[in-house]
1. To the nearest 20 Debye, how big is the dipole of region 178-323 about its Cα centre, given +1 on the beta carbon of each Lys and Arg and -1 on that of each Asp and Glu?
2. Separation between the ALA28 and VAL40 pseudo-spin-labels, each 7 Å from Cα along Cα→Cβ, expressed in nm?
3. For ARG174, what accessible area in Å² do you get when you roll a 1.4 Å probe over the heavy atoms of the protein chains, rounding to the nearest 10?
4. What is the ratio of the Cα radius of gyration of region 119-230 to 2.2 N^0.38 Å, where N is its residue count, to two decimals?
5. At 7 Å along Cα-to-Cβ for each site, give me the label-to-label distance between VAL218 and LEU283 in nm.
6. Going from the alpha-carbon gyration tensor of region 1-83, what semi-axes, largest first and in whole Å, does one get by taking the root of 5 times each eigenvalue?
7. Indicate the gyration tensor shape class of the chain (rounded, prolate or oblate), computed on the Cα atoms with a ≥ b ≥ c the square roots of the eigenvalues: a/c under 1.5 is rounded; otherwise a/b larger than b/c is prolate and the rest oblate.
8. Of LEU180, SER258, GLN215, which is farthest towards the positive pole of region 120-340's charge dipole, taken about the Cα centre with +1 and -1 on the beta-carbons of Lys, Arg and Asp, Glu respectively?
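The values are calculated or read from the model by the stated rules, or taken from the named source; none is laboratory data. Just so we're clear, the structure is a prediction, and the values are computed from it rather than from any experiment. As a convention, Cβ positions derive from the backbone with ideal geometry for all residues, glycine included, and neighbour counts pool all protein chains shown. Each accessible area value is taken on the protein alone, full model and side chains, heavy atoms only, with ligands, DNA and RNA left out. Shrake-Rupley method; radii C 1.70, N 1.55, O 1.52, S 1.80 Å.
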Amino acid sequence: MKVTAVELHLLAMPLVRPFETSFGRQTARTVLLVRVRTDVGDGWGECVAMADPVYSSEYVAGAEAVLRDYLAPAVLHADEVTAEGFAGLVSFVIGHRMAKAALETALLDAELRTAERSFGDYFGAVRDEVDCGVSVGVAPSIPELLDEVAGYVDEGYRRIKLKIKPGWDIEPVREVRELLGPDALLQVDANTAYDAADIRHLRLLDAYELLLIEQPFVEEDIATHIQLAREIETPVCLDESILGVGVAVDAIERHATSIINIKAGRVGGYLEAVRIHDACAELGVPVWCGGMLETGVGRAANVALAALENFTLPGDTSASRRYFAEDLTEPFELVDGRLRVPTAPGSGVTVREELLRAWAVRAPVILTA
Ligand code: SMG
Ligand code: MG
């Protein structure tokens, strides 16, 4: 197809409650959306970068700049563009995976809408609904945490993930395990807040039958994850460290991780995400779908990805209302702890143009050849 325009939309959406992790507290989601206009139709992609470079080195203003100055010109100047050819077309840009993923997803959406094929069908989905978990931030107090968790249990979530950090780990885990009972699925995510000196402390988590501990150490530090995996019974799961299929296979073979959190944005797009899924399946390593507080645009694609066979653990694919009073698309609603995989062409959801305008931080940037 021929890309005629790339639009960059910047929105701000309030969160229904603040979300606190080991790296900070957020009360709104700054959303960068990419729309491609092509000779066969339009497509949308959501950039998962946060407003600030605190989860990874990428952040919204940086992603916008890379899209505007490098990625969009590359597709606008090409005669023929395909989603599958996109990674090669922009391989001259090092890194910036979240920015690349947003544009690749928009291209794929345009392509599949034209072909009248859904993301799920294209990725290789084997189920029509997916088990959902929910990520619970650091709370102001244990009673408030227990209240929040109990609310999610009532809503039907099939797995709870607690954000932990030094000073907020063993006690909240103990209390939540007690609230949930021994059989409930419970896991923790440290977002790189610990270091090698904490290994002995982290081993205390073994008492609580956790599904996994996610990314305790910084993303470059595979060695300390290997050491922890040797010394702890709780399975170690990497998130931030896994930037592509090569790193994933390497980390698995070195026994740094025995489960992988797949986020398409973090790895440069859904095509790479599917490759990681396939490689992990081959190695007998289960995967689950991560989340980045996506609007319906990104959530739709995540749910389609989570419908692949080796996504055997519930994902951070919560309902729209977990974060937003109103979603940018038709809302994703939990039924019996699951979300339905969209079946309409492309992402299967429609951006509500009136909300796009209402929540815009500024007029869209429209790039043309
Ligand atoms: O979409 O529910 C979601 C967010 C899930 O905890 C979540 N994501 O490290 O896995 C993770 C975090 C990254 C985003 S925190 C701002
Ligand atoms: Mg994580």
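1. My answer is approximately 400 debye.
2. Distance between label points: 3.8 nm.
3. 100 Å²
4. Relative to the 2.2 N^0.38 Å estimate, region 119-230 comes out at 1.19.
5. Each label point lies 7 Å from its Cα, and together they span 2.3 nm.
6. 30, 14, 9
7. In terms of gyration-tensor shape, prolate.
8. SER258
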